[in-house]
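First up is the structure itself, then whatever we jot down about it.
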Amino acid sequence: MTEEIYPMPSFPALMVKDLDASSKFYQKALGFKHIFTMPGPGEEPALVHLRWMKYADLLLTKPRDGKEIAEPKGLGVSLNFNLFEHPNGDMDAFAKHARENGANVIGPIEQPWNVREVTVSDPDGYKLIFTVPINIDLGFDEVMERVKNPESK
């Protein structure tokens, strides 16, 4: 195995209808890296471990009880990932690539809290928000002032 396995202080686990399709979506459309697939009963895949970057891991699982997952999934919850240098910190290129690979994408949108963000819905309806800072030199007080007074940019 070429990828490092380490204790994770926290990680999301999303129950999905189709592990293979969801895993391919996250890898192809969003750029997650496949770490491993764990077999379950009958050697059918039961869990897929993906990684955005170190300490930003995501697990995809089948429902443990084998029943269909209630809709809508993840209502009111979003998973947030910073682009940093992944992929090269280029939000426009990331959004374009995701769209070209079948993702439902909103944005990029500039937010007053000093980020550009893209919201993606995965095949099961989970929301993922990808962000990149607009100005890394802004201090916390300046960001808070912009949030209170967006026209003061």
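For this structure, a couple of remarks:
- Within straight-line reach of K73, meaning a Cα separation under 17 Å, sit the following lysines at least 8 residues removed in sequence or on another chain: K17, K62, K127.
- With θ taken as phi - 60° and the Karplus curve 6.51 cos²θ - 1.76 cosθ + 1.60 applied, the whole-hertz 3J(HN,Hα) list for the range 107-114 is x, x, 10, 7, 10, x, 8, 6 Hz, x standing for glycine and proline.
- Net charge of Cβ neighbours under 11 Å - reference F32; Lys, Arg +1; Asp, Glu -1: +2
- Bridge orientation summary for the chain: considering DSSP beta bridges with both residues in this region, about 75 percent are antiparallel.
- The range 25-122: relative contact order as a whole-number percent, Cα under 8 Å and 6+ apart: 21 percent
- Each peptide among 91-98, 23-30 gets the average number of other Cβ atoms lying within 10 Å of its residues, and from highest to lowest they stand as 23-30, 91-98.
- Taking the longest Cα principal axis of the chain as reference, the axis of helix 91-100 is set at about 40 degrees.
- Max mean-square fluctuation residue, GNM over the chain, Cα-Cα springs under 10 Å, options R116, R64, R99: R64
- Computed magnitude of the charge dipole of the chain (debye, nearest 20; Cβ of K, R +1, Cβ of D, E -1): 220 debye
- Residue (of N101, V16, Q111) at the positive-pole extreme of the range 1-116, dipole from beta-carbon charges: Q111
- With the alpha-carbon atoms of the range 22-78 aligned to their principal axes, the span from lowest to highest coordinate is 33, 31, 20 Å, starting with the largest.
Read-outs throughout are calculated quantities, based only on the coordinates presented, and are distinct from any laboratory measurement. In this text, all values refer to a predicted model and were calculated from it rather than measured experimentally. Don't worry about glycine lacking a Cβ; one is built from the backbone with ideal geometry, like all the others, and counts go over all protein chains shown.
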